[in-house]
Amino acid sequence: MKFYPEECSIKDERMKPFIDPDEIWAHINNAKPTKAKVKEIIAKSLNKERLSMAETAVLLMADEPELIEDIKAGARMLKEKVYGNRIVLFAPLYVGNKCTNNCQYCGFRVTNKDAVRKTLDTDELISEVEALEDNGQKRLILVYGEHPQYNAEYIAENVRTVYKVKKGKGEIRRVNINAAPLEIDDFRIVKEAGIGTYQVFQETYNPEMYKKYHLGGKKKDFEYRLTSLDRAQEAGIDDVGIGALFGLYDWKYEVLGLIRHTNHFEACYNVGPHTISFPRIQDAAMLNQSDKYIVSDDEFVRLIAILRLAVPYSGLILTARENQYVRREVMKFGVSQIDGGTKLELGSYHESVNDKQNLNKEQFKINDSRSLGEIVDELLDDGYLPSFCTACYRTGRTGEHFMEFSVPGFIKRFCTPNAILTLAEYLEDYATEEVAKKGWKVVDKNLKDLESFDKTDELEKRIERIKQGERDIYF
């Protein structure tokens, strides 16, 4: 089964650049949104069909308040149809901040001589993972600066170390990676270590603006970075994550850049990105950035809603760069994964030193510093189902298999039971008495709502097994 539109079936070639700014701008400039056209496009998305670039451009150019509300309502409905009320939780773990690049928006940049450079040794890495397990985390993303020390063998060894750490009933079941682009053989090395998703963000899809922001280091090569996840696919990593840093260039252009990247994967590999990220520029040490392309909160909500409609089956990640109020709002319109209890200073999870942020020790400023427990509590209050599930990854439902599984809309049917089981673990092992009381009410409600699931009795039995002390049960 192929999921990409015909517009990308001819011009895409494996491991070759595919971004044409004129093509992207042509879609934007030629878009003519009308109420009827917008409704037609939303209806297509609600049928869980991927939107073309031209269709996405129509939504991007629909500036009338009534049409914007229609788009947001459609995104909210689609999220419910595909993902249900689940929100997947994870934590970033910064392993090393050495970097050879000179990115004008990043505190890790090589020219920041005030930066406190650090790389966790094995004991420190273990201590960090133990601290995260003590809080109930099950999913991590290891984050690295771009430096020769952080090569494939080093990353793979870190991954193996993390998976071995078991403290009490805690364990990490999925380790994702955000690091420098690799060569094919190097991607194979990290794949063999058992990684989940490998993330490489293009930052901006405009080649000229890219040159402006990336003044040194290997990252200044736009095309090498653009084709990095092609090399991951060639190495057998079919779970990849893309992203753009909003605030570097026109936000409508960047949204279409992400869609064009998605088209490329589908044309060449018959699989879309597992996740899409859309961080906004935040304060960082030596930040050198004008406010010309800053994305407002209203625009941010719009672009998330449009991404949700454009790519119904990819996970949308929202990080603690955003404050809790923005996060609470945009989760309604498409976000399916968030981090919780985030600390960016290296070694800060087990040392608890990140109460007051120091930008010379961090990549950027975070704006939601609440604990994982506080975030779980709010999610429960808002009717969400917090999830620490890793079942698809561990049963081989990734890449093309994940697309076959998710596009027809079965995510809700299969993932809700697994989300319930992971929440049950959290409530038993880590939640306060008050949060546990709320959580079990949410579990009961979701059990009643699972009318289409033919194994409700078995699910209830598995919950009881968790209450008796058994762990890591999934469908």
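No value in this document is a laboratory result; all are computed from the given coordinates. All values reported here derive from a predicted model rather than from experimental measurement. Here the Cβ positions follow ideal geometry from the backbone for every residue, glycine too, while neighbour counts run over all protein chains shown.
Counting other Cβ atoms within 10 Å, which trypsin sites (Lys or Arg not before Pro) in segment 93-164 have at most 11 and lie in a DSSP loop?
Those that pass, being in a loop and sparsely packed, are 113.
Counting only other residues whose beta carbon sits under 12 Å from that of residue 375, what net charge do I get with K and R as +1, D and E as -1?
Here the count lands on -4.
Using alpha-carbon pairs under 8 Å, 6+ residues apart, how would you state the relative contact order of the chain in percent?
Value for the chain: 21 percent.
Could you please rank 277, 296, placing first whichever residue has the fewest other Cβ atoms within 10 Å of its Cβ?
296, 277
Could you put 38, 175 in order, starting from the residue whose Cβ has the fewest other Cβ atoms within 10 Å?
Fewest-to-most ranking of 38, 175: 38, 175.
Would you list which lysines come within 20 Å of residue 37, measuring only between C-alpha atoms, while excluding same-chain residues fewer than 8 positions from it?
Leaving aside lysines fewer than 8 places away in the same chain, those within reach of residue 37 are 48, 72, 252.
I want the local charge near residue 218. Using Cβ-Cβ distances under 10 Å, sum +1 for each Lys or Arg and -1 for each Asp or Glu among the other residues.
Neighbourhood net charge equals +1.
Can you tell me the dipole magnitude for the chain around its Cα centre, using point charges on the Cβ only (Lys, Arg +1; Asp, Glu -1), in Debye to the nearest 20?
180
So what's the back-of-envelope 222 nm ellipticity for the chain, counting only DSSP H runs of four-plus at -39500 (n - 2.57) apiece and dividing by all residues, rounded to 500?
-14000 deg cm²/dmol
If you find the alpha carbon centre of segment 87-126 and of segment 32-49, how far apart are they in angstrom?
Cα centroid of segment 87-126 versus Cα centroid of segment 32-49: 42 Å apart.
Alpha carbon centre of segment 433-475 versus segment 206-244: separation in Å?
Between the Cα centre of segment 433-475 and that of segment 206-244, the gap is 41 Å.
Listed here are the pairs 164/365; 438/461; 138/220; 167/191; which of them are more than 23 Å apart at the Cα?
In this structure, 164/365; 138/220; 167/191 lie more than 23 Å apart at Cα.
By counting other Cβ atoms within 10 Å of each Cβ, how are 14, 280 ranked from fewest to most?
14, 280
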